[in-house]
Amino acid sequence: MRSTLPTGVEGGNASESRNAYQWLIGPFIPESTSDVRHTSDIELKWSEHAAGDARTEWSSDETATTMTLLISGSYDTEFEDGSVFEHRSLGDYVIWKPGVNHKWTVHEDSLILTIRWPSSWTPETSAHPIDA
C-alpha cells in the first residue's frame, strides 16, 4: 500500500499511470495542480510491445533528441542509412539527434523506455504524441 504523498510529489506504477499512447511524462499528460508528470521539458514513454510488433514506416522527430533503452526483451532499431542497432541485453540503448529517420521491430515481448528532449509536442502540431 502506498502512503499519501505531499503536493508536488507523484508516485505510482508506470504501466498503470501512462496514457493511451503509453506516454508517462510529457505535455500530453493532462495538466492539474497535483500531477507533476505534465511538463513540456521532456517526454518519457513506458512501452510494452509483443513479439512481432513493428513500426514499418520511417519516423523522425524534427526537434527532439530521442533515446530508447531496453528494460527486457529483444528488438532492433533500424536507421535510414541501413544500420541496425540490436537491443539484446538489459540496458542496451541508442540515442539519435533530431531529424534522424528510424523504424523498429520487436523480436521478443519487450519493455522499452523512450525519452525525448526537449518535448516538441503541442496540441497544434499533433492530435496525439508521436509513437517512437
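Numbers at a glance
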item	result
Selection status of residue 16, free of Cβ contacts under 8 Å to residues at least 12 places away in the same chain and either surrounded by 12 or more Cβ atoms within 10 Å (Cβ to Cβ) or not in a loop (DSSP other than H, G, I, E, B) (or both)	yes
Residue match in region 67-76 (condition: within 23 Å of residue 111 (Cβ to Cβ), of a type outside the set (S, T, N, Q), in contact (Cβ under 8 Å) with a residue 24 or more places away in the chain and part of a loop (DSSP other than H, G, I, E, B))	no
Filtered residues of region 22-38 (kept if farther than 15 Å from residue 11 by Cβ, in contact with a Ser or Thr (Cβ under 7 Å, 6 or more places away or on another chain) and part of a loop (DSSP other than H, G, I, E, B))	22, 27
Criterion: in contact with a Phe, Trp or Tyr (Cβ under 8 Å, 6 or more places away or on another chain) and farther than 15 Å from residue 117 by Cβ - qualifying residue of 43, 10, 78, 16	78
Residue count, region 64-97 (criterion: exposed (fewer than 13 other Cβ atoms within 10 Å of the Cβ) and under 23 Å from residue 120 (Cα atoms))	3
Whichever residue in region 75-84 is in contact with a His (Cβ under 9 Å, 6 or more places away or on another chain) and not polar (S, T, N, Q) and, among such residues, is nearest to residue 53 (Cα to Cα)	75
Where residue 100 falls short, out of the listed (1) β-branched (Val, Ile, Thr); (2) in a loop (DSSP other than H, G, I, E, B); (3) within 22 Å of residue 13 (Cα to Cα)	(3)
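Just so you know, all these numbers are worked out from the coordinates, no wet-lab data involved. Treat the numbers as computed from the prediction; the structure is a model and nothing was measured. Backbone-built Cβ (ideal geometry, glycine too); neighbour counts: all protein chains shown.
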